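*Asks:* Dumping the structure here so I can ask a few things about it.
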Amino acid sequence: MCGIVGYIGDKKASEILLKGLSYLEYRGYDSSGVALMTRNKIEIFKAPGKLNNLREVLSNQQNICNRSTVGIGHIRWATHGLPTELNAHPHTCNCGSLVVVHNGIIENYKELKNELLKYGCEFKSQTDSEVAAHLIAHEFQKTKDLLAAMTSAVKKIQGAYAFCAMHKTLPDRIVVARKNAPLIIGVGEGENFIASDIPAIIEYTKKAIYLNDNQIAEVKKNSVKIFDTDGNLLENKIEMLPFEPVALSKMGYKHYMLKEIHEQSDVARNVLSGKLKDPKSPVVLEDVKLSTNDLKNINRIQIIACGTSLHAGLVGKYILEKFAKIPTDIEASSEYIYRDTIADKNTLVIGISQSGETADTITAIKQVREKGSHVLIITNRPDSTMARLADSLLPVNAGIEVSVAATKSYTAQLLSLYLLTLYMTQIIDEKSVNDKEIISLKQEMLELPNKIETITNDTTSIKAVAKKYSGFKDFIFIARGINYPTSLEGALKLKEISYINATGYSAGELKHGPIAMLDETMPVLAILNKGAVYDKVMSNCEEAKARQAKLIGVSNYIDRKHKDLFDDILLIPNISDTLSPALNIVVLQLLAYYIAEYLGKDVDQPRNLAKSVTVE
Ligand code: AGP
């Protein structure tokens with residue numbers, strides 16, 4: 001949440017900051033601001049709302065923009081205080097000599113504020129972050145050394161932070177610090193960059209230093225020095241960034257979300273590539289460090305995740321129990337961390353996260369690591385905090401996902417869970433490689449990319465249904481068995497980007513309460529895969545029809561009963577129950593997308609959301 005960019009070099013800082021912030025807009029977008037260093041003066045520009053507003057403000061400041069080659073910028077997702085200009089970052093001390101931008105939450109900001117008020121600090125905003133500006137400035141008065149001031153300040157701060165600070169008397173440096181909020185330093189030739197996420201700087205450099213928790217760095221145009229909180233100089237570890245700049249283009253699509261939905265067939269090919277060669281070969285997962293012995297000793301699995309990743313994990317539970325036969329629990333990380341959970345060295349904990357930076361999931365992982373459990377992370381960001389905490393890593397290779405609503409990362413997570421399940425099963429029971437059901441599942445997995453393409457290549461009927469139903473205010477999604485998570489994810493997609501009140505239910509639960517809401521104003525979307533639960537879901541659809549609900553079916557089966565029962569039916573290619581979640585979801589993503597499009601919503605940046613939720 002929130003995005004930080006910093007630049008120090010010889011180029012126009014404002015351009016680099018604005019461009020960088022535009023690539024971080026998916027992290028938060030309710031206000032933004034920059035601080036530009038000019039000859040011993042710091043100029044601050046802020047604007048509420050989208051980044052374009054700041055762009056406009058800066059377009060009237062060409063004189064300053066032309067002169068400044070050092071600056072810091074921020075794009076905000078409000079936690080403390082409304083998204084106003086006053087609450088936007090950068091924040092300053094009383095005299096404006098020191099500026100700071102902050103990602104994270106300062107938990108003890110009230111105590112610090114009360115202390116700072118005694119020294120005459122005047123607070124202008126309602127944010128926790130402003131405390132950092134006054135605190136660092138207060139420490140600066142003692143030594144006139146920004147690095148020392150930052151070091152003393154962070155020792156007093158509780159919570160999560162990525163800070164970036166400048167002082168007008170030291171125009172040759174930016175000082176940064178990190179704890180529980182990502183921050184990288186992009187290394188260039190005669191210039192350096194700072195960012196809370198790779199997209200902001202990938203256009204300029206592929207070399208970066210990942211700052212670790214409790215590290216502070218002094219960034220000048222020709223040097224980067226990293227220190228611990230005791231002031232010891234640490235070694236710079238420069239790594240290569242894993243993305244290409246081209247990943248950040250819409251490639252002719254109207255929205256990133258639509259592009260990312262359409263990319264899913266290629267993403268599926270990528271996920272499988274090198275891991276699943278043919279239906280009769282074992283699955284190869286090089287980064288999973290579980291030995292045969294470890295796997296044989298594992299007596300339970302716990303999956304922890306949030307949002308869409310949680311829904312992928314729910315599918316994981318079905319297949320892990322079905323094939324690997326290990327009892328599997330799944331829970332939202334935000335609940336998991338506040339329970340007396342039972343986990344030990346015989347528990348395999350699977351953390352799933354697109355971003356690898358979700359605060360609740362990181363906290364949960366840290367907790368179970370202390371209990372000695374093996375932590376396996378399934379993430380789209382092998383460079384993330386979670387990946388760094390993992391005992392085993394399963395990168396999903398979906399490529400950077402820009403749209404706030406997760407689509408291709410979900411499909412990639414699902415396929416990774418199928419691969420992991422097959423991998424574990426083949427280790428636990430070597431003979432399973434010859435099992436008919438497993439061979440047929442692998443065959444289907446290899447065919448999946450083409451089936452996804454069949455859906456994305458012709459979206460005419462999905463568009464028509466989207467148009468027809470875009471006026472409804474509420475929706476219910478139902479399914480049973482392995483597609484129950486699909487109903488949750490389909491409903492989440494719709495509500496996230498269209499703000500329509502959509503809820504997913506297991507079809508069997510409908511008559512235990514939700515049916516009370518059904519009438520002609522509440523469409524029901526049913527996922528009907530021809531398999532074990534097909535007839536049961538059909539009966540539940542009958543029950544909904546009897547209450548005059550409009551019915552939409554998503555099915556892989558042509559059934560003459562559909563005509564009388566459903567108002568609309570969306571057909572998908574034939575697929576087994578077991579793998580169907582990976583195909584059904586594509587239809588639901590497209591439906592959500594086109595409904596939101598008809599309603600004219602801001603699809604890629606829905607209100608109140610952020611791509612990566614780095615606060616608990
Ligand atoms: C998905 O569309 C959401 N915006 C959200 O639910 C997301 O899946 C959740 O915040 C978890 O994020 P993560 O996968 O990066 O951990």
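*Asks:* Collect the residues in region 380-422 that are at pLDDT 95 or above, in contact with an Asp or Glu (Cβ under 9 Å, 6 or more places away or on another chain) and of a type in the set (Val, Ile, Thr), keeping them in residue-number order.
*Replies:* Answer for region 380-422, where residues must be at pLDDT 95 or above, in contact with an Asp or Glu (Cβ under 9 Å, 6 or more places away or on another chain) and of a type in the set (Val, Ile, Thr): just Thr407.
*Asks:* Also: Got a sec? Which of Ile427, Ile352 is among the aliphatic types (A, V, I, L, M) and more than 12 Å from the ligand (Cβ to nearest atom)?
*Replies:* Details: Ile352 fails: more than 12 Å from the ligand (Cβ to nearest atom).
Ile427 is the lone residue from the list that is among the aliphatic types (A, V, I, L, M) and more than 12 Å from the ligand (Cβ to nearest atom).
*Asks:* Which numbered condition in (1) within 16 Å of the ligand (Cβ to nearest atom); (2) among the aliphatic types (A, V, I, L, M); (3) in contact with a Leu (Cβ under 7 Å, 6 or more places away or on another chain); (4) closer than 30 Å to Ile184 by Cβ is the only one that Val315 fails?
*Replies:* All conditions pass for Val315, except number (4).
*Asks:* Which residues, taken from region 575-616, are away from the ligand (no atom under 16 Å from the Cβ), assigned to a loop (DSSP other than H, G, I, E, B) and in contact (Cβ under 8 Å) with a residue 40 or more places away in the chain? Show your work before the answer.
*Replies:* Residues of region 575-616 away from the ligand (no atom under 16 Å from the Cβ): 575-580, 582-584, 587, 594, 597-600.
From the residues that got through so far, the ones that are assigned to a loop (DSSP other than H, G, I, E, B) too are 575-580, 599-600.
Residues satisfying the conditions are Ile575, Ser576, Asp577, Thr578, Leu579, Ser580, Leu599.
*Asks:* Then there's this: Pairs please, first residue from region 118-146 and surrounded by 12 or more Cβ atoms within 10 Å (Cβ to Cβ), second anywhere and at pLDDT below 95 and part of a helix (DSSP H, G or I), Cβ atoms under 7 Å, 6+ apart in sequence or on different chains.
*Replies:* Qualifying pairs under 7 Å: Asp128/Tyr109; Val131/Tyr109.
*Asks:* Another one. Do we find that Asn66 is in contact (Cβ under 8 Å) with a residue 12 or more places away in the chain, surrounded by fewer than 18 Cβ atoms within 10 Å (Cβ to Cβ) and more than 23 Å from Asp145 (Cα to Cα) in this structure? Before you say what the answer is, go through the steps one by one.
*Replies:* Working: in contact (Cβ under 8 Å) with a residue 12 or more places away in the chain: yes; surrounded by fewer than 18 Cβ atoms within 10 Å (Cβ to Cβ): yes; more than 23 Å from Asp145 (Cα to Cα): yes.
Spelling it out, Asn66 is indeed in contact (Cβ under 8 Å) with a residue 12 or more places away in the chain, surrounded by fewer than 18 Cβ atoms within 10 Å (Cβ to Cβ) and more than 23 Å from Asp145 (Cα to Cα).
*Asks:* Here is a follow-up. Among the residues of region 489-518, which ones are more than 15 Å from the ligand (Cβ to nearest atom), assigned to a helix (DSSP H, G or I) and over 10 Å from Ile478 (Cβ atoms)?
*Replies:* Residues satisfying the conditions are Lys511, His512, Ile515, Ala516, Met517.
*Asks:* For Tyr7, work out the one condition from (1) modelled with pLDDT under 95; (2) surrounded by 24 or more Cβ atoms within 10 Å (Cβ to Cβ); (3) not charged (D, E, K, R) it doesn't fulfil.
*Replies:* Of (1) modelled with pLDDT under 95; (2) surrounded by 24 or more Cβ atoms within 10 Å (Cβ to Cβ); (3) not charged (D, E, K, R), only one is false for Tyr7: (1).
*Asks:* Still on this structure: Of the residues Asn52, Asn94, Asn40, only one is farther than 18 Å from Leu183 by Cα, of a type outside the set (A, V, I, L, M, F, W, C) and touching a Lys or Arg at 6+ places or on another chain (Cβ under 6 Å); which? So that I can check it myself, show each step before the final result.
*Replies:* Numbers: Asn52 fails: touching a Lys or Arg at 6+ places or on another chain (Cβ under 6 Å); Asn94 fails: touching a Lys or Arg at 6+ places or on another chain (Cβ under 6 Å).
The conditions single out Asn40.
*Asks:* Being away from the ligand (no atom under 16 Å from the Cβ), more than 27 Å from the chain's Cα centre (by Cα) and either in contact (Cβ under 8 Å) with a residue 40 or more places away in the chain or not in a helix (DSSP H, G or I) (or both) is true for just one of Ile439, Ile462. Which residue is that?
*Replies:* Ile439
*Asks:* Which condition breaks for Phe323 when tested against (1) of a type in the set (A, V, I, L, M, F, W, C); (2) assigned to a helix (DSSP H, G or I); (3) within 14 Å of the ligand (Cβ to nearest atom)?
*Replies:* Here Phe323 meets the rest and fails (3).
*Asks:* Show the residue pairs that are 6+ apart or on different chains and have beta-carbon atoms under 7 Å apart, the first residue being within region 281-310 and more than 25 Å from Ile337 (Cα to Cα), the second being surrounded by 20 or more Cβ atoms within 10 Å (Cβ to Cβ) and of a type in the set (Phe, Trp, Tyr).
*Replies:* Matching pairs, first to second residue: Val283/Tyr423; Leu285/Tyr423.
*Asks:* Ok, one more. Tell me the residue from Glu357, Glu370 that is more than 20 Å from Ile261 (Cβ to Cβ) and within 11 Å of the ligand (Cβ to nearest atom), please. Quick ask: steps written out before the conclusion?
*Replies:* Working: Glu370 fails: within 11 Å of the ligand (Cβ to nearest atom).
Glu357 is the lone residue from the list that is more than 20 Å from Ile261 (Cβ to Cβ) and within 11 Å of the ligand (Cβ to nearest atom).
The values are calculated or read from the model by the stated rules, or taken from the named source; none is laboratory data. Being a predicted model, the structure only gives us computed values, none of them experimental. So basically every Cβ, Gly included, is an ideal-geometry build from the backbone, and we count neighbours across all protein chains shown.
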